[in-house]
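This report concerns only the one structure given below.
The values are calculated or read from the model by the stated rules, or taken from the named source; none is laboratory data. Computed from a predicted model, the values in this text were never measured in an experiment. For neighbour counting, all protein chains shown are included, and Cβ atoms are generated from backbone atoms with ideal geometry for every residue, glycine included.
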Amino acid sequence: MHVFPPVRHARPATLAALVLAGALAACGPAQIPAGINDPHEAQNRATHDANRELDRVLLRPASRGYGSILPEPVRKGIGNFAANLDTPGDVLNNLLQLRLDDAAENTLRFVLNTTVGIGGLFDPATAIGIYGESTDFGETLHVWGAPEGAYVELPIAGPSTERDALGGVVDILLNPVRLAVPTPESHVATAADIASAFGTRYEYSDMIDSVLYESADSYAQARLFYLQNRRFELGGGVGDNYVDPYEDVESAYGDPITDPYFDPYAE
């Protein structure tokens, strides 16, 4: 099987993207917004309800079966394999962000896990302290100065923003592994991603179930979790424009809010 044949036609496009990234990076990263921009809430809630029903009838029971049948080491190996196949995409985005140290670390991580780790089934890179830096084209757009945009909930994919939704499409289309590996071998990456998603749903089932089925407003709670986590990933936790909605929040009686499902942005 030809795992990584040369893709000569992609090189000019990559160089052009690097030049564009350098020009746009001078503008600086986009500001991390405060609050929630959700002008499509009615449509988003309808999509959320459909996603939750899909999870109830298919994803949750399938993930339970997946977790029950496959032992933890096998699930971990599949997750490692899927993550390793995504690493070249991380390297590409590192380069577009002009984060050359991260690109070098992710490249070394990919080489070690692909060779010593038997195609990525094992993770020797982490064992020796090479953790890598996961990223995506949504973060690249952020670095270039593109604003977050409105919050959206995507069918099946779930919570996102306009910027991250666009970034996700670009990540799929420009994934170096999928561009380099011929069909039908490239379908292995898709199958690994799906299996890894079932493993993640199983591993975090308690937390996901608490948000989707136990919170008073699962849409508002999922929206809050996504935006808080995503903004923190993009560096919002240390920015001046970042507002933690749980900080110094008090009830009408002056007591701190202790409800874990409280959403200060919910209307």
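Annotations
- Looking only at residues in the stretch 66-118 that are closer than 25 Å to V170 by Cβ and among the acidic types (D, E), the one that is surrounded by the most Cβ atoms within 10 Å (Cβ to Cβ) is D90.
- Number of positions in the stretch 105-124 that are within 11 Å of N80 (Cα to Cα) and either part of a loop (DSSP other than H, G, I, E, B) or free of Cβ contacts under 8 Å to residues at least 24 places away in the same chain (or both): 8
- With respect to the conditions (1) modelled with pLDDT of 95 or more; (2) assigned to a helix (DSSP H, G or I); (3) within 25 Å of E233 (Cα to Cα), L54 falls short on a single one, namely (3).
- Test result for N80, modelled with pLDDT of 95 or more, more than 30 Å from A34 (Cα to Cα) and within 18 Å of the chain's Cα centre (by Cα): yes
- The condition (being without any contact (Cβ under 8 Å) to a residue 24 or more places away in the chain and small (G, A, S)) is satisfied by just one residue among S205, S186, S218, S196: S186.
- Filter pass, A252 being surrounded by 11 or more Cβ atoms within 10 Å (Cβ to Cβ), at pLDDT below 95, in a loop (DSSP other than H, G, I, E, B) and of a type outside the set (D, E, K, R): no
- Scan the stretch 124-134 for residues that are surrounded by 23 or more Cβ atoms within 10 Å (Cβ to Cβ) and among the acidic types (D, E) and the total you get is 0.
- Scanning the stretch 135-151 for residues that are crowded, with 19+ Cβ neighbours inside 10 Å, closer than 23 Å to Q221 by Cβ and either of a type outside the set (D, E, K, R) or free of Cβ contacts under 8 Å to residues at least 40 places away in the same chain (or both) gives G138, Y151.
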